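Right, one structure below, let's go through it.
The values are calculated or read from the model by the stated rules, or taken from the named source; none is laboratory data. All values reported here derive from a predicted model rather than from experimental measurement. As a convention, Cβ positions derive from the backbone with ideal geometry for all residues, glycine included, and neighbour counts pool all protein chains shown. Side chains included, ligands, DNA and RNA excluded: accessible areas come from the protein's heavy atoms. Shrake-Rupley method; radii C 1.70, N 1.55, O 1.52, S 1.80 Å.
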Amino acid sequence: MNRRFPAAAAAAAGLLLAAPLSSVAGSARAAGARPAVVYLPDVLPHLDLAHDLGAVAASTPLNLVVALSHPDPAGEQATYAAMYDPSSPSYHRFLTPAQYDARFGVPAATVAAAETWLRAGGLSVTQVSGAGDLVQAAGTAAAASRLFRTPLEWFTYQGLHFLANTAAPAVPGGLPVTAVVGLNTLQKFSTADKGVPVASGGTFSGQFNERDLWKVYDEPDSNYGQGQSLGIFGEGDTDPVVANLRVFEQRQHLPQVPVRVVHTEPGSYGDVSGAIEWNLDSQASTGMAPMAHQLTYYFASSLFDSDVLTAFSAWAADPNGPLQASASFGECETDPLNPLVGSPL
């Protein structure tokens, strides 16, 4: 994905109303423009396979992301196509994040309406993406349950313990909400040492250092990352990762690549359980591009979907961000019929 021009979102925006759900619903009925309430299909499939332990405690904290559709997806797609059409005057004239936000972002009035609705429902808005398409909110399970009109229950299944909404979340028909992320704690990313399937096979046995890889890829002296910056997505504490990077650079007689850390949301950043992945990402990236002028860590406070989504959004909106970034984690799709990953439940 080209960082300077994020992909277009789905449907266009509808009627914009700044009020709690009940007020928005009443206004939408009066206007006759859209349904008073829309129910989103954001429910885990086959929850009936799991054992229901009962209601989540009212005070349980949740981090959520509410996604808003862009007003002109067709215009975004046309602009994107022109950027890669050699016959177009817009060929390779990429938009900066600020230009993209101004041209295709969600209108400020729509974002304000969504914030008003969330706050009226007892949630606090912690941040909004540059394009206004992602609104991050935090609050208790009780507030989320009331606002989205869905029970929240604890479940167990084959050693997993998670909470999830049991009904489709309700949102105002007068707001262009396309998804609510974070109403369950089953959907989260994992690193390879914690359950991500890794392809097997091949015949190579041994090890490469970075100089071997320079030869394998026939890297010319002019292409060791000069003029480029790199990005790493991760979660938790970056201090030991940066410390290990400096040891690697010293031992391999490589220059120190300047480091920048972006914590993409409020929260605790003390977790080090994924450090081995972030170490590998950092050292592999800078080992191949030791002359890069900067390495930026976009780190979330967890690998839950809502937090990772916020980290990706922070990269897309960063005016000083790299054009390429690495994310060494993945997530199985919630498709019980998928023969490759099976059912998450």
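So which residues in the stretch 273-287 are aliphatic (A, V, I, L, M) and in contact with a helix residue (DSSP H, G or I) (Cβ under 6 Å, 6 or more places away or on another chain)?
Ala275, the sole residue that qualifies.
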ask   = Quick one: what pairs do we get from the stretch 254-276, first residue under 21 Å from Gln294 (Cα atoms), second assigned to a loop (DSSP other than H, G, I, E, B) and among the small types (Gly, Ala, Ser), C-beta under 9 Å, 6+ apart or different chains?
value = Val257/Gly225; Val257/Ala289; Val257/Ala292; Pro258/Ala292; Val262/Gly321; His263/Ser301; Thr264/Ser301; Ala275/Gly236
query = Looking at the stretch 78-109, which of its residues are hydroxyl-bearing (Ser, Thr, Tyr) and either closer than 20 Å to Ala317 by Cβ or in contact with a Gly (Cβ under 8 Å, 6 or more places away or on another chain) (or both)?
reply = Thr79, Tyr80, Thr96, Tyr100
task = Check the stretch 150-161 and report whether any residue there is among the aliphatic types (A, V, I, L, M), at negative phi and at pLDDT below 95.
result = yes
request  = Mind listing just one residue for me: the one in the stretch 321-336 that is open to solvent by 30 Å² or more (accessible area, probe 1.4 Å) and at pLDDT below 90 and, of those, farthest from Ala50 (Cα to Cα)?
outcome  = Glu331
key: Selected residue [touching a strand residue (DSSP E or B) at 6+ places or on another chain (Cβ under 6 Å) and surrounded by fewer than 17 Cβ atoms within 10 Å (Cβ to Cβ)] from Pro240, Pro255, Pro220, Pro266   = Pro266
query = Of Ala167, Ala98, which residue is of a type in the set (A, V, I, L, M, F, W, C), more than 21 Å from Val180 (Cα to Cα) and touching a Pro at 6+ places or on another chain (Cβ under 7 Å)?
reply = Ala98
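Of the residues Ala316, Ala311, which is open to solvent by 10 Å² or more (accessible area, probe 1.4 Å), in a helix (DSSP H, G or I) and under 30 Å from Leu163 (Cβ atoms)?
Selected residue: Ala316, the only one of Ala316, Ala311 that is open to solvent by 10 Å² or more (accessible area, probe 1.4 Å), in a helix (DSSP H, G or I) and under 30 Å from Leu163 (Cβ atoms).
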query = What are the residues in the stretch 42-67 that are open to solvent by 60 Å² or more (accessible area, probe 1.4 Å) and part of a helix (DSSP H, G or I), if any?
reply = Asp48, Leu49
query = Being of a type outside the set (Gly, Ala, Ser), touching a residue at least 40 places away in the same chain (Cβ under 8 Å) and closer than 20 Å to Phe312 by Cβ, is that true of even one residue in the stretch 141-151?
reply = no
